[in-house]
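The values are calculated or read from the model by the stated rules, or taken from the named source; none is laboratory data. Here the structure is a predicted model, which is why all the values come from computation and not from measurement. As a convention, Cβ positions derive from the backbone with ideal geometry for all residues, glycine included, and neighbour counts pool all protein chains shown.
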Amino acid sequence: MFRTRFFPLFLFIAFLWAHPAFAGKRVALVIGNSAYQHVNRLGNPAHDSESVAATLKTAGFDVVDLRQNLKVAALRKALRDFSDKATDADIAVVYYAGHGMEIDGANYIIPVDATLEHDIDAYDEAISLDRILAVIEPAKQLRLVILDACRDNPFAKSMKRTVGARAIGRGLAKVEPANPNTMVAFAAKAGSTASDGDSRNSPYTAALVKYIATPGLDLRKAFGFVRDDVMKSTGNRQEPFVYGSLGGDDMALVPKQTVEAPAADPQASVRKDYELALQLGTRAIWEAFLQQYPKGFYASLAQGQLARIAADEARVAATAKAREAEDEKARLQAEGARKAEQAKAAAAVKAAEQARLEAEKALKREQAKAAAAEQARAKAEEAASKAKAAEDKAAQDKPGAERPTQVAALPPAAPAPAKLSAEDLNRGIQSELRRVGCYTGSAHGEWNEAVRQSLTRFNRGAGLSLDVKTASLDTLEIIRNKSSRVCPLTCQHGFRADGERCVAIACKPGTVLNDDNVCERRSLKHEREARKPKPARSHDAAETSAKPQASGQFVCDQGGCRTVRKGCRLVLAQGSGLSDPNRGGLLKSVEVCN
């Protein structure tokens with residue numbers, strides 16, 4: 001019974017606890033005097049006062065009383081009326097833009113109908129700063145007066161002094177507020193004048209409206225930023241100044257808004273894992289993803305990515321088979337095999353080529369499907385974000401709904417960096433390097449010299465300078481963004497590059513393929529060399545040296561395969577054999593040159 005009775009009270013207390021911090025009652029009187037009757041009109045104060053009033057209204061002030069071009073009687077009445085509003089206020093602000101003056105250390109703001117023929121007329125025709133401070137004295141937390149009134153005083157030139165020693169200063173005089181938590185801000189330091197500038201607002205007010213209503217920004221910092229902006233815009237000719245003191249706690253005109261944590265997105269975890277798998281893009285990663293998330297929207301996307309990978313693997317296999325068929329056909333032609341065997345080889349080449357073309361088409365179809373799925377995912381996420389924003393706005397616009405203080409939009413929280421093993425990252429980069437034609441090995445996950453050389457070739461082909469010493473997610477993403485081959489296709493001697501495959505070079509009768517892979521006319525030297533018996537090769541010795549190699553011999557290492565240079569010989573290690581570098585094999589051999 002006890003818990004039932006007090007449960008609603010508990011909920012109410014919890015609501016107040018979770019509600020954004022209450023700033024108390026905030027009131028402001030904003031005055032702009034431009035249309036002076038007995039001296040030249042001022043262009044900025046009317047615009048300045050409008051800008052400040054709009055800023056404070058946007059900041060959620062309970063009262064913003066804007067008055068313009070006030071005569072002395074109207075100015076006194078405006079201050080009396082505002083005194084009533086400041087009585088129960090927590091924060092009270094008075095902003096004034098117009099002419100001001102200092103007489104014997106006392107500061108005055110000047111109504112538009114003032115004549116000020118004598119210095120003592122200021123007591124009747126102007127309003128002292130002390131009067132303004134008395135009006136806002138009842139405010140509980142903060143009393144703030146802002147004077148953009150340090151212009152050249154046009155009355156001082158014609159004003160008659162009743163006492164010769166009475167000083168009429170330039171600008172305004174320094175002030176020391178008697179009450180705590182009171183600040184007086186001048187557009188220019190005491191004894192100096194302020195600029196009107198060439199824009200709609202004075203340099204001081206333009207900076208003021210930029211910082212004064214920043215949520216949670218302490219006023220001392222806000223006026224410091226104002227000072228920096230004004231000094232920069234005036235070439236250090238005008239330095240704003242603040243007088244008075246505040247306590248140790250931050251004091252802001254607009255409290256820092258407490259933003260409630262959004263409801264947890266049930267798809268956030270799976271989306272994060274999907275995007276990580278998309279960065280790597282290997283078969284093993286997608287299979288692991290589907291084991292963890294076998295159903296749902298992202299599972300369908302992952303299956304599409306696997307289909308794309310399968311199509312790419314089929315294309316690679318078909319390309320290799322077509323190359324093998326072409327090699328077999330060239331071999332039979334070179335050996336003068338029977339026409340039937342050559343015809344059979346030609347048919348195999350045609351069939352393999354057709355299979356390769358079909359694999360290419362299938363890969364393009366799967367790539368298009370995967371790209372379309374990714375576009376659909378991006379649109380769906382964008383639509384969900386817009387719907388959530390519209391829902392939040394509708395909730396705020398409901399009659400009677402609590403309207404939070406308008407603040408600048410908070411930036412989204414940065415996503416946590418993805419955790420990825422070094423082996424998986426290496427494997428992903430190796431797969432992508434192989435896709436763009438810069439790597440011929442397997443994706444084993446080890447960052448060795450062969451991978452570093454492959455990445456160096458990628459840098460050379462792409463005109464980049466990626467770090468080859470270590471693997472990184474940025475490197476993986478950059479390689480993944482390359483849609484076509486980056487490193488040129490390299491073929492062994494006797495073959496030439498044709499698109500994505502190597503084809504045998506057929507020389508015309510009476511010509512022979514030279515060391516530079518070019519057909520040249522057959523000479524007597526070629527005839528003699530062709531009739532020479534070939535020396536037998538011993539495989540039992542631990543190491544066998546051969547004479548300088550003819551064309552067609554290769555030496556291979558982790559950097560790739562190349563033709564043995566003229567004047568050099570190939571030294572083969574025991575048990576090694578020649579293999580086709582285009583099929584991934586490497587000769588265990590060393591090139592020795594005299």
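Yes/no matrix, rows are residues, columns are (1) within 23 Å of PHE495 (Cα to Cα); (2) of a type in the set (Lys, Arg); (3) assigned by TED's automatic domain parsing to the domain that holds ARG501; (4) modelled with pLDDT of 80 or more:
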| position | (1), (2), (3), (4) |
| --- | --- |
| GLN342 | yes, no, no, no |
| ARG356 | yes, yes, no, yes |
| ARG365 | no, yes, no, yes |
| ALA371 | no, no, no, no |
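Exactly one residue out of MET159, MET101 is assigned by TED's automatic domain parsing to the domain that holds GLU239, of a type in the set (A, V, I, L, M) and at pLDDT below 85: that is MET159. Regarding GLY171, is this residue in a loop (DSSP other than H, G, I, E, B), at pLDDT below 90 and surrounded by fewer than 21 Cβ atoms within 10 Å (Cβ to Cβ)? Here the answer is no, as GLY171 does not meet what is asked. Scanning the range 352-392 for residues that are closer than 30 Å to ALA504 by Cα and without any contact (Cβ under 8 Å) to a residue 24 or more places away in the chain yields a count of 4.
If you go through the range 112-157 and keep only what is surrounded by 21 or more Cβ atoms within 10 Å (Cβ to Cβ), over 15 Å from VAL175 (Cβ atoms) and of a type outside the set (D, E, K, R), you end up with VAL112, ALA114, LEU116, ALA122, ALA126, VAL135, ALA139, LEU142, ASN153, PHE155. Scoring ASP250 on the criteria (1) touching a strand residue (DSSP E or B) at 6+ places or on another chain (Cβ under 6 Å); (2) outside the structural domain of SER49 (by TED's automatic domain parsing) leaves a single failure, condition (1).
Rundown of residues vs (1) assigned to a helix (DSSP H, G or I); (2) out of contact with any helix residue (DSSP H, G or I) (no Cβ under 7 Å at 6 or more places or on another chain); (3) within 30 Å of ALA345 (Cα to Cα), yes/no style:
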| position | (1), (2), (3) |
| --- | --- |
| ASP273 | yes, no, no |
| LEU276 | yes, yes, no |
| GLN291 | yes, yes, no |
| LYS295 | no, yes, no |
| ALA307 | yes, no, no |
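What about ALA194, is it out of contact with any Ser or Thr (no Cβ under 6 Å at 6 or more places or on another chain) and surrounded by 14 or more Cβ atoms within 10 Å (Cβ to Cβ)? Yes; evaluated as a whole, the condition is true for this residue. Any residue in the range 294-314 that is aliphatic (A, V, I, L, M), surrounded by fewer than 16 Cβ atoms within 10 Å (Cβ to Cβ), at pLDDT below 80 and assigned by TED's automatic domain parsing to the domain that holds GLU360? No, the range 294-314 has no match at all. Checking the structure you have, find out if any residue of the range 124-135 is assigned to a loop (DSSP other than H, G, I, E, B) and over 51 Å from the mean Cα position of the chain (by Cα). The answer is yes; a qualifying residue exists.
All of (1) closer than 18 Å to ALA252 by Cα; (2) within 44 Å of the chain's Cα centre (by Cα); (3) surrounded by fewer than 19 Cβ atoms within 10 Å (Cβ to Cβ); (4) of a type outside the set (Asp, Glu) hold for ARG200 with one exception: (1). The selection criterion, being at pLDDT 80 or above, surrounded by 14 or more Cβ atoms within 10 Å (Cβ to Cβ), within 27 Å of ALA378 (Cβ to Cβ) and not assigned by TED's automatic domain parsing to the domain that holds LEU208, holds for ALA284.
Residues satisfying the criterion are absent from the range 182-197 (criterion: closer than 22 Å to GLY171 by Cα and either in a helix (DSSP H, G or I) or outside the structural domain of ILE168 (by TED's automatic domain parsing) (or both)). Residues of the range 140-162 that are farther than 18 Å from TYR243 by Cα and in contact (Cβ under 8 Å) with a residue 24 or more places away in the chain: LYS140, ARG151, ASP152, ASN153, PRO154, PHE155, ALA156, SER158, MET159, LYS160, ARG161, THR162.
If the requirement is being in contact with a Leu (Cβ under 9 Å, 6 or more places away or on another chain) and either touching a residue at least 40 places away in the same chain (Cβ under 8 Å) or assigned to a helix (DSSP H, G or I) (or both), which of these qualifies: ALA78, ALA114, ALA73, ALA46? Result of the check over ALA78, ALA114, ALA73, ALA46: ALA78.
Restricting ASP148, ASP119 to residues that are in contact with a Lys or Arg (Cβ under 7 Å, 6 or more places away or on another chain) and charged (D, E, K, R) narrows the list to ASP119. The numbered conditions (1) modelled with pLDDT of 85 or more; (2) under 22 Å from ASN481 (Cα atoms) are all true for MET251 except (2).
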